[in-house]
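Visitor: Take a look at this one; I'll ask things after.
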Amino acid sequence: MYTTELQKTKAVAGTEDPDKLAAFEARVAADEFIEPKDWMPEAYRRTLTRQISQHAHSEIVGMLPEGNWITRAPSLRRKAILLAKVQDEAGHGLYLYSAAETLGTSREEMIEALHSGKAKYSTIFNYPTLTWADIGAIGWLVDGAAIMNQVPLQRTSYGPYARAMVRVCKEESFHQRQGYEIMMHLAAGTPEQKRMAQDALNRWWWPSLMMFGPPDADSPNTAQSMRWRIKRETNDELRQKFVDITVPQAEALGLSVPDPVLAWNEEKGGHDFGEIDWEEFYAVVRGEGPVAKERMKARRDAWEEGAWVREAAAAYAEKHARKAEAA
Ligand code: BYC
């Protein structure tokens, strides 16, 4: 069994030293964390840099749809909560960029890859937030999907990524609850408010299911990432769990999930659900999402307009380094 796994890995890792690779594989198999200074196959380093940096970009781009609603939130309490949530997302981005930097790629290089369109970020953030109910739906569904994906990542094989996930998951749980609480208020409100909540669920349901990535059979990275314990559960497994947890939550709100095929399947102990529009998914991945251009423009503008802050911080750090040297 182990030899087979190793052979498969060799095919991916190509020219790696077989002894080092075998020792690495054994550590992963024993559930040891791999740390930044440890030897690792180049393909492992590349996959992690890709996944962690894309995860970081998602957190930062994910601030935009909700940030749009801070000034329009319906009360001071809602504004304060939303402001705190958006700040949390910035923090998640920072832990994740730091975790990715430990693999040897600088933050500037990662951000340049985002701005040039080379690096991806989650498809979900290419959809517009049209009403206040969308903020409820994002917390409930988008943060809910994010937690489902991130809880297993607390046990991912790369130490800095796993440790970043612990705090991220705690904060995401709060985010999910605040979104669900918004939905509870709207769903129990006036008929117009309930309609807004249903409309938000209709628009965010399918994009939330797409967050888990392509079906396992069409996912080029899953098999290797499962072997290296970067991913602990596959895209389809996590998607199924998300559907099974979320459907009763929609029922409790008195809202209906926009899927005519959705039904409990006693035999499999889970829901059957309709086919996801994978053409839409791949179009959004290619950068053709409804508000993709606005999102990238907002990020590029923020980077350019924030240049003076980075320069000031660098000048300050240099001044202190000089002082420390002189002392
Ligand atoms: N969107 O082989 P696959 C948040 C790409 S932020 C875009 O299955 P993998 C929040 C994939 O990158 C939460 N692209 O890939 C923030 C790959 O392309 P490349 C974000 C996607 O990596 C603010 C190709 O499709 N969470 O919650 O094994 C406010 C083939 O896919 C997507 C994370 O980033 C997608 N949805 O599995 C509120 C979690 N799906 O790179 C909330 C960490 C797939 O080979 N990431 N692609 O060219 C992961 O767990 C994994 O990377 C994925 C994909 C499950 C997403």
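The values are calculated or read from the model by the stated rules, or taken from the named source; none is laboratory data. The model shown is predicted, which means the values in this text are computed figures rather than measured ones. Counting neighbours? That spans all protein chains shown, and the Cβs are built from the backbone with ideal geometry, glycine included. The accessibility values were calculated without ligands, DNA or RNA, using every heavy atom of the protein model including side chains. Shrake-Rupley method; radii C 1.70, N 1.55, O 1.52, S 1.80 Å.
Visitor: If amide hydrogens are placed 1.01 Å from N in the peptide plane, which non-local residues have theirs closer than 5 Å to the one on Thr129?
Guide: Answer set, sorted by chain and number: none.
Visitor: Using the charge dipole of the stretch 18-289 (Lys, Arg: +1 at Cβ; Asp, Glu: -1 at Cβ; taken about the Cα centre), state which of Gln249, Ala26, Pro65 has its Cα farthest towards the positive end.
Guide: Pro65
Visitor: Return the lysines within reach of Lys20: Cα separation strictly under 27 angstrom, same-chain partners fewer than 8 residues apart disregarded; answer none if there are no such residues.
Guide: Reachable lysines: Lys8, Lys10, Lys37, Lys231.
Visitor: Between Thr190, Thr246, Thr222, find the one with the highest GNM mean-square fluctuation for the chain; connect C-alpha pairs within less than 10 Å.
Guide: Highest fluctuation among the options: Thr190.
Visitor: What whole-number value in Å² describes the accessible area per residue of the chain for a 1.4 Å probe?
Guide: For the chain, the solvent-accessible area averages 50 Å² per residue.
Visitor: Could you tell me how far the Cα centroid of the stretch 80-131 sits from the Cα centroid of the stretch 206-227, in Å?
Guide: 20 Å
Visitor: Could you please state how large a percent of the accessible area of the chain is carbon and sulfur, counting protein chains only and using a 1.4 Å probe?
Guide: Working: 9260 of 16260 Å².
Taking all protein chains in place, the chain shows 57 percent carbon and sulfur surface.
Visitor: Taking all pairs of distinct Cα atoms, average 1/r, flip it, and tell me the Kirkwood hydrodynamic radius of the chain in Å to one decimal place.
Guide: On the way: mean 1/r = 0.0466 Å⁻¹.
That comes to 21.5 Å for the chain.
Visitor: Suppose every Lys and Arg Cβ carries +1 and every Asp and Glu Cβ carries -1, with no other charges. What dipole size does the chain come out with about its Cα centre, to the nearest 20 debye? It would help to have the intermediate numbers written out before the result.
Guide: Details: 41 positive and 48 negative charges, 200 e Å.
Charge dipole of the chain: 960 debye, to the nearest 20.
Visitor: Starting from the amide H of Tyr158, placed 1.01 Å from N in the peptide plane, find each other amide H under 5 Å away whose residue is 5 or more places distant or on another chain.
Guide: Those qualifying (amide H under 5 Å, at least 5 residues apart or on another chain) are Ile34.
Visitor: While we're here: Output the peptides 236-245, 53-62 sorted from most to least packed, where packing is the average of other Cβ atoms within 10 Å over each peptide's residues. It would help to have the intermediate numbers written out before the result.
Guide: Numbers: 236-245: 18.0, 53-62: 23.3.
Packing order, densest peptide first, comes out as 53-62, 236-245.
Visitor: From zero up to wherever the largest Cα-Cα distance of the stretch 144-246 sits, split into 10 Å bins and tell me the percent of pairs in each.
Guide: 14, 37, 30, 14, 4, 0
Visitor: Where a ≥ b ≥ c are the square roots of the eigenvalues of the C-alpha gyration tensor, would you call the stretch 209-290 rounded, which needs a/c under 1.5, or, failing that, prolate if a/b is larger than b/c, or oblate?
Guide: On the way: a/c = 2.22, a/b = 1.32, b/c = 1.68.
The shape class here is oblate.
Visitor: Which shape class applies to the stretch 182-224: rounded if a/c is under 1.5, otherwise prolate when a/b exceeds b/c and oblate if not, where a ≥ b ≥ c are the square roots of the Cα gyration tensor eigenvalues? Mind showing how you got there, number by number?
Guide: Details: a/c = 7.40, a/b = 4.05, b/c = 1.83.
Prolate, because a/c is 1.5 or more and a/b exceeds b/c.
Visitor: For the chain, with the dipole built from +1 on Lys and Arg beta-carbon atoms and -1 on Asp and Glu ones, taken about the Cα centre, which of Val151, Tyr97, Gln176 lies farthest toward the positive end?
Guide: Tyr97
Visitor: Give me the Å³ per residue figure for the convex hull around the C-alpha atoms of the stretch 1-142. List each step's numbers first, then the result.
Guide: On the way: hull volume 21.1 nm³, N = 142.
Per residue, the Cα convex hull of the stretch 1-142 comes to 149 Å³.
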